[in-house]
Every structure is written in C-alpha cells, then in structure tokens.
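Asker: Below are the structure tokens for one structure; questions will follow.
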Amino acid sequence: MKRIYVALAAALLAACQKSPAPPAPPAAPPAAYAPMPHQPGVAVLTALGRAMFSEPSLSASGRQSCASCHNPDNAYGPANRLAVQLGGSDSATPGTRAAPSLKYLQTVPPFSEHYHDDDGDDSADAGPTGGYDWDGRARSAHEQARGPLLSPREMGNRDDAAVVARLRAGPLAPQFRQAFGDDIFDHPQAAMRGALMALEVFQQSPADFYPYTSKYDAFLRKQTVLTPREARGLALFNDEAKGNCASCHISKIAPGGAFPQFTDYGLINLGVPRNGKLAVNADPNYFDLGLCGPDRTDLSGHREYCGRFRTPSLRNVALRRVYFHNGSFDSLEQVLRFYVQRDTAPQKWYPRKSDGSVHKFDDQPPGLDANVNMEAPFGGRPGGKAALNDREIADIVAFLHTLTDGYSGG
Ligand code: HEC
Ligand code: HEC
C-alpha cells in the first residue's frame, strides 16, 4: 500500500511541477505501479482483491482459488494435513513446498544478500534476508501473485492473457469493470496489472492480515498476564542458552515501538530432514536447496547459500498442520524435539546409510554440511544433553499457542 501511495505522490508531484525545474525529478514509479487509466481507491481494490482471492474460476481447473491453499480460517495457510498442496489444471499435481501462512508479511523487506537492520546495530551484515516465498525470490506481493496464477502446480494459467480472459468471462467481470473502467478488458496488460494490484492491496489489509489480536499482543499491551507455563515458555524461548529461538524469531517490541513479527526474515539452513512423501523426492537426485535453487536461479553459483530458507513468522503457528519448507513435521512438539536433538540424537531424525552410519542432513547433496546452522539450540555431541527437556518443550509449545490471533479475554 505504501508503494501505491508513493506512486500516487510521485504522479501528483509530476503534475504539480512548475518552472523553474525542481532540483531532482521524483523517481518514476515502478512499471507495476504506473497510474491506471482509471485509478480505484484502496477500499475498492481491497474488496475486489478479497473477491478474487476466493474465486475458483480464475484457475485452469476452475476449482482452485488462492483460498484453497491459503484458508482464512487457518491464518491463510492450508486447512488440510498434506505436506504439499495439489493444484494445476487437473487439480492433482503436487507442489514441492508447504503452503505458508500469508499473515504478517507486511514488513518482509525486499530480498538482499547483505542485509543491514535499521534498528539496533545497523553496522552488522546479517547476510541473505527477506523477499517473498521460502527462498525469498519474489520482490513484492504484487510480483508474487503472478506466480500462483501461472504456476502449473497451482492455478495453472498459461499466461497473463489466460488470466485476463478468465476474469472477463467470470462472475467478477462487472466488479472488475466498475473498479478499472468499462473498457479495461480491451487493455489486457493494464487488466493484469490491476488484478495483481487488487490481490496485493487485499493482502495488506490490516484487519485480515496483521490484526495483532493474539494473547501475546494483549500481554505486550499489559491487558492480560501469561499463565505460569506460558511465561516459562517465553523465558525459555528467549534464553540464549536454552531455546535461543528469539535470536531468529524475534519476540520483543522493536526500539521504534513496533510489535514483534517473530522472524528476522533471515534465510538460514537448518538441515531439515528430507520428506519422502513429496513426489519430487522420488528422484534421489532432486534437492530443493532454497536460496541456491532450483526454483530460484539468480544465486545458483553460491554453494554457501544452498539449503537456506526464509525464517517464517511464528505468529499463528499453532494453526499450522505441517511445518518447515518441505512439510516434513506435523506437530510443534516434533519440531521442538528436532531442534534440540538434531545434533545430540541424529539417529532419531535421519535415515542410516548402507554402512550403518547416520545420514545427517539427508536433504542436500554431500559436501554442504558446513552450510547448516550450528547455533543454540543446535549443537552438542551425539549422546550429549539436549538444550531443552520434555517439560521445557511443553512450556515453549504452550507459549507458541499465545501467538494465535483472535484472543478474547483474560
Ligand atoms: C496449490 C496451492 C496454492 C495456491 C492455489 C496458491 N498458493 Fe500461494 N503459496 C503456495 C506455496 C506452496 C507457497 C510457497 C512457494 C515457495 O516458497 O516457493 C506459496 C506462497 C505464497 C506467498 C508468499 C508467502 C511468503 O511467506 O513469502 C504469497 C504472498 C502467496 N502464496 C499468495 C497467493 C495468492 C495471492 C494466490 C492466488 C492468486 C495463491 N497464493 C495461490 C501455495 C499456493
Ligand atoms: C538460527 C535461526 C533459528 C533459530 C535459532 C530458531 N529458528 Fe525456527 N526457523 C528458522 C528457519 C530458517 C525456519 C525454516 C526452516 C526450513 O523450513 O527449512 C524455522 C522454522 C520454524 C518453525 C516452522 C514454522 C512453519 O511455519 O513451518 C517453527 C515452529 C520454529 N521454527 C520454531 C522455533 C523455536 C520454538 C525455536 C527455539 C527452540 C526456533 N525455531 C529457533 C530459524 C530459526
């Protein structure tokens, strides 16, 4: 939304320029945000985007909408327990990654290889950070939205023209014309831009996507208290020698006052086990290595980036049915046990090689072990003490449940 205001402001400025020429002309708005022939307001775009988000006639199968994989009742994540969702023109083509929640993405920074935080210590290079999708490859929700509309594993449209043709023939055509002008469908490129803009603006509507209505938010506002178990969980989550979760999943109010998003947006390799349930993994030579490919191609020469995925927000994480980029786990207890046993009891998480040794980090080709993060709660020797015991894991899980939106009462 901010970008749209910037684009509008730039357009207004351009219109108001008087001689003599101003010192520096405002930068031209990016093409995606160039003024539309008929520029609708935010309320109109939000309503249209909301309708489009749940409109199955926009898919090649006629049966799938964004909401099929991003259900509003599941924090805009999947409602089912599948590791990856089915899509495509036959509604049966399996995806390659878990469908994420779409909440609390409003502050995801554009992808950068060398990220410098703007609050706190901005001199430190935090490394690859930001961008949409698990590998950070989409620069904005606008650019991202074209992905699922055209992906052969998702909504399966051949090209932009196919999307516009479906809009034109579908039940949303009158609303679309009302928003963008009667002749909008005579300008397919502008129509596609309008469609993506409506989806993007809807996905930035605060009440739907970042309401900050969890128990933890009420606690931060001093409107409620945590139970003893939740409070112990929070302390363990923050404790650098125990969970150390907050080092990546930020839990504190920012110096500027912004409530935490439970991510620093960093792309990190956790060595998540290979998920044998994924159809793509039937090929032993297929590896989803996130930042270094194959879905993302601009950094494929960077071996040190292989296996890195963007740290997800943990807001509403208790509503998720599968976890991690490949959906390899299906409970929070299991995720927590993986964190603390990956290095102390690897035989519980990875298969054995033919010689009987444990095949650690089995979802990446050999030679990339040095890419895997070793900070607490990871580390320790096989047979050593895990950073968290079962009771402490249960405490953290109780705390994670306070991050679900819609808390009402003390
Ligand atoms: C078939 C299931 C499916 C459908 C349909 C689908 N998505 Fe997704 N969505 C996914 C998956 C899987 C990902 C993760 C992709 C990746 O990381 O490569 C994703 C990622 C996203 C993201 C990025 C989230 C993040 O954390 O960066 C956004 C935004 C998004 N989808 C919006 C949409 C919109 C808008 C639509 C409809 C136009 C849509 N999706 C349709 C499965 C789906
Ligand atoms: C070094 C950074 C880092 C630390 C420390 C860390 N995480 Fe994560 N977390 C990540 C990354 C990166 C992912 C995604 C990894 C992937 O899918 O390959 C993730 C994913 C998760 C997920 C899955 C969420 C989803 O939507 O699929 C949960 C739950 C989670 N972390 C909880 C925790 C908890 C609890 C702790 C502390 C015990 C913790 N994390 C510590 C970086 C970190």
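The values are calculated or read from the model by the stated rules, or taken from the named source; none is laboratory data. Every value quoted in this text rests on a predicted model; they were computed, and no experiment measured them. Because the Cβ atoms are built from the backbone with ideal geometry, glycine has one as well, and the counts that use them run over all protein chains shown.
Asker: State all residues of segment 55-87 that are in contact with a Gly (Cβ under 8 Å, 6 or more places away or on another chain), free of Cβ contacts under 8 Å to residues at least 40 places away in the same chain and among the hydrophobic types (A, V, I, L, M, F, W, C); if no residue qualifies, say none.
Answerer: Selection gives Leu86 alone.
Asker: Residues being among the hydrophobic types (A, V, I, L, M, F, W, C) and under 27 Å from Thr404 (Cα atoms): count how many of those fall in segment 112-155.
Answerer: The number of residues fulfilling the criteria is 4.
Asker: Still on this model: Does at least one position in segment 302-309 carry a residue that is aromatic (Phe, Trp, Tyr), touching a Pro at 6+ places or on another chain (Cβ under 8 Å) and in contact (Cβ under 8 Å) with a residue 24 or more places away in the chain?
Answerer: Within segment 302-309, one or more residues are aromatic (Phe, Trp, Tyr), touching a Pro at 6+ places or on another chain (Cβ under 8 Å) and in contact (Cβ under 8 Å) with a residue 24 or more places away in the chain.
Asker: Still on this structure, please answer the following. Specify which of the listed residues (Pro148, Pro128, Pro174) is touching a residue at least 60 places away in the same chain (Cβ under 8 Å), within 30 Å of Ser89 (Cα to Cα) and of a type outside the set (Ser, Thr, Tyr).
Answerer: One residue alone meets the criteria, Pro148.
Asker: Let me ask you something else. Can you list residue pairs whose Cβ atoms sit under 6 Å apart, with the first residue in segment 383-402 being touching a residue at least 24 places away in the same chain (Cβ under 8 Å) and in the same structural domain as Leu314 (by TED's automatic domain parsing) and the second being among the aromatic types (Phe, Trp, Tyr) and away from ligand 2 (no atom under 11 Å from the Cβ)? Count only pairs 6 or more apart in sequence or on different chains.
Answerer: Thr402/Tyr216
Asker: In segment 165-189, what residues are of a type in the set (A, V, I, L, M) and either on the phi > 0 side of the Ramachandran plot or touching a His at 6+ places or on another chain (Cβ under 9 Å) (or both)?
Answerer: Within segment 165-189, Ala179, Ile184 meet the criteria.
Asker: What about Phe237, is it at pLDDT 95 or above and not in a loop (DSSP other than H, G, I, E, B)?
Answerer: Judged against the criteria, Phe237 is a match.
Asker: If Ala98 satisfies every condition in (1) under 26 Å from Asp330 (Cα atoms); (2) more than 7 Å from ligand 1 (Cβ to nearest atom); (3) in contact (Cβ under 8 Å) with a residue 40 or more places away in the chain but one, which is the exception?
Answerer: Status for Ala98: all satisfied but (2).
Asker: Any idea which residue in segment 310-332 is nearest to Tyr407 (Cα to Cα), counting only those that are of a type outside the set (A, V, I, L, M, F, W, C) and near ligand 2 (Cβ under 6 Å from one of its atoms)?
Answerer: Arg320
Asker: Given the conditions (1) closer than 18 Å to Val340 by Cα; (2) touching a helix residue (DSSP H, G or I) at 6+ places or on another chain (Cβ under 6 Å); (3) within 16 Å of ligand 1 (Cβ to nearest atom), which single one is not true for Gly307?
Answerer: Failed condition: (1).
Asker: Take the residues of segment 377-404 that are in a loop (DSSP other than H, G, I, E, B) and among the charged types (D, E, K, R): which is farthest from Arg229 (Cα to Cα)?
Answerer: Arg381
Residues checked against (1) closer than 25 Å to Gly293 by Cα; (2) in the same structural domain as Asn74 (by TED's automatic domain parsing); (3) touching a Pro at 6+ places or on another chain (Cβ under 8 Å); (4) not in a helix (DSSP H, G or I):
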| site | (1), (2), (3), (4) |
| --- | --- |
| Val108 | yes, yes, no, yes |
| Gly136 | yes, yes, yes, yes |
| Glu143 | yes, yes, no, no |
| Pro152 | yes, yes, no, yes |
| Arg166 | no, yes, no, no |
| Gln175 | no, yes, no, no |
| Met192 | no, yes, no, no |
